[in-house]
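The values are calculated or read from the model by the stated rules, or taken from the named source; none is laboratory data. Since this is a predicted model, take the numbers as computed values, not measurements. A quick note on method: Cβ atoms are made from the backbone with ideal geometry, for glycine too, and the neighbour counts reach across all protein chains shown.
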Amino acid sequence: MQQRISRLTTEGGAELAYATTGSGRPLLYVSGWVSHLQLSWEIPEERAYFESLAQGCLLVRYDRAGCGLSAPSGRAPSLEFELEELDAVAVSAGPARFDMMGSSMGAPIAAAWAAAHPERVRRLVLYGGWRSGAELSPPSARDHILALVESHWGLGSDVLTDIFAPDAHATTREEFGRYQRASSDAATARALLELSYRLDVGEVLGGVRAPTLVVHRDRDRAAPLAQARELAAGIPGAELVVLPGRSHLPYAGDPHGLVATVRRFLGLRASRRGAGSLTERQTEVAALIADGRTNREIADRLGIDERSAEGHVERIRLRLGFRSRAQVAAWYAAQKEGAR
């Protein structure tokens with residue numbers, strides 16, 4: 001799949017970048033905290049996650065003001081500003097009703113927008129979200145993280161990565177830390193993180209009329225499960241699905257379980273798990289795995305260091321949705337046999 005980058009201007013004059021992938025009924029995706037449309041597409045695990053969501057629908061994503069490909073606005077982050085941005089992106093999705101998914105900070109924002117526009121949202125999915133940001137962590141911990149992000153964005157992004165993706169491979173965590181720093185400057189990151197702690201949508205949840213799925217990992221280290229329960233309890237008829245895992249990032253841990261749950265709720269067919277979607281280098285590494293080579297041997301064969309080889313193996317495993325090298329080896333053998 002390829003994504004198409006476009007630009008729009010909100011009613012208040014903010015210039016935003018948005019991306020569309022796939023075709024079909026729109027699925028408007030509200031991301032968490034900071035994002036970068038182009039860089040996220042270059043992280044294999046995150047791209048695979050979005051491609052899996054986009055099969056059979058038109059996935060619409062955007063960078064909020066001051067993040068990624070969107071221009072700074074000069075306005076302080078607020079729920080009102082977030083809803084204004086969503087208003088503009090929703091226009092790009094067309095006049096028909098569409099599905100909406102909010103992830104992390106995007107979940108309470110998506111819920112608030114759905115409550116204000118019940119005629120526009122067909123189905124609503126809220127992942128890793130919360131009703132009250134003040135309940136995410138003790139005040140002392142919030143103040144420490146905010147100060148760290150503001151004074152030392154490099155260290156702050158690393159600390160947040162450990163919280164967001166404890167189950168991710170070390171190489172993936174390093175990439176995500178760099179991704180966060182490239183997505184916004186320290187001041188913007190601090191302001192958006194502070195907004196996430198201020199968000200409280202308890203008073204508007206009752207206005208959501210769309211069938212709603214609240215999905216959460218049971219040991220999410222960034223957003224406690226109790227907040228997901230409150231989010232679901234506040235929305236009439238909402239369904240709560242709890243998945244195993246510690247990672248807050250949707251594409252870390254077990255992204256396939258999450259995607260399958262979301263697609264079932266939206267009435268989409270089960271997604272393909274990525275077979276045949278490896279890069280040329282990944283296919284080369286998969287062949288060496290099937291040959292029984294260790295990471296050290298793969299590194300020597302390809303002229304790279306062992307850590308890079310380990311990263312290739314981990315990306316292949318995640319890309320194909322497998323849990324072991326043996327599954328990768330079996331997949332490669334089956335692909336080779338099918339090509340004869």
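Tell me yes or no: at least one residue of the stretch 131-150 is acidic (Asp, Glu), touching a helix residue (DSSP H, G or I) at 6+ places or on another chain (Cβ under 8 Å) and under 20 Å from Asp220 (Cα atoms).
Among the residues of the stretch 131-150, at least one is acidic (Asp, Glu), touching a helix residue (DSSP H, G or I) at 6+ places or on another chain (Cβ under 8 Å) and under 20 Å from Asp220 (Cα atoms), which makes the answer yes.
I need the full set of residues from the stretch 45-67 which are part of a loop (DSSP other than H, G, I, E, B) and not small (Gly, Ala, Ser), in order please.
Gln55, Cys57, Arg64, Cys67
Got at least one residue in the stretch 150-160 being modelled with pLDDT of 95 or more and either buried (at least 22 other Cβ atoms within 10 Å of the Cβ) or touching a Cys at 6+ places or on another chain (Cβ under 9 Å) (or both)?
The answer is no; no qualifying residue exists.
Regarding the stretch 29-44, can at least one residue be identified that is in contact (Cβ under 8 Å) with a residue 24 or more places away in the chain and assigned to a strand (DSSP E or B)?
yes
Name the one entry in Ser247, Ser271 that is surrounded by 18 or more Cβ atoms within 10 Å (Cβ to Cβ), in contact with a strand residue (DSSP E or B) (Cβ under 8 Å, 6 or more places away or on another chain) and either not basic (Lys, Arg) or not in a helix (DSSP H, G or I) (or both).
Testing whether each residue is surrounded by 18 or more Cβ atoms within 10 Å (Cβ to Cβ), in contact with a strand residue (DSSP E or B) (Cβ under 8 Å, 6 or more places away or on another chain) and either not basic (Lys, Arg) or not in a helix (DSSP H, G or I) (or both) leaves just Ser247.
Does the stretch 208-244 hold any residues that are surrounded by 21 or more Cβ atoms within 10 Å (Cβ to Cβ), part of a loop (DSSP other than H, G, I, E, B) and either at positive phi or not small (Gly, Ala, Ser) (or both), and which are they?
Once the filter is applied, which keeps residues that are surrounded by 21 or more Cβ atoms within 10 Å (Cβ to Cβ), part of a loop (DSSP other than H, G, I, E, B) and either at positive phi or not small (Gly, Ala, Ser) (or both), the stretch 208-244 yields Val208, Asp220, Ile235.
Out of the residues in the stretch 168-207 that are closer than 15 Å to Gly253 by Cβ and of a type outside the set (Ser, Thr, Tyr), which is surrounded by the fewest Cβ atoms within 10 Å (Cβ to Cβ)?
Ala170
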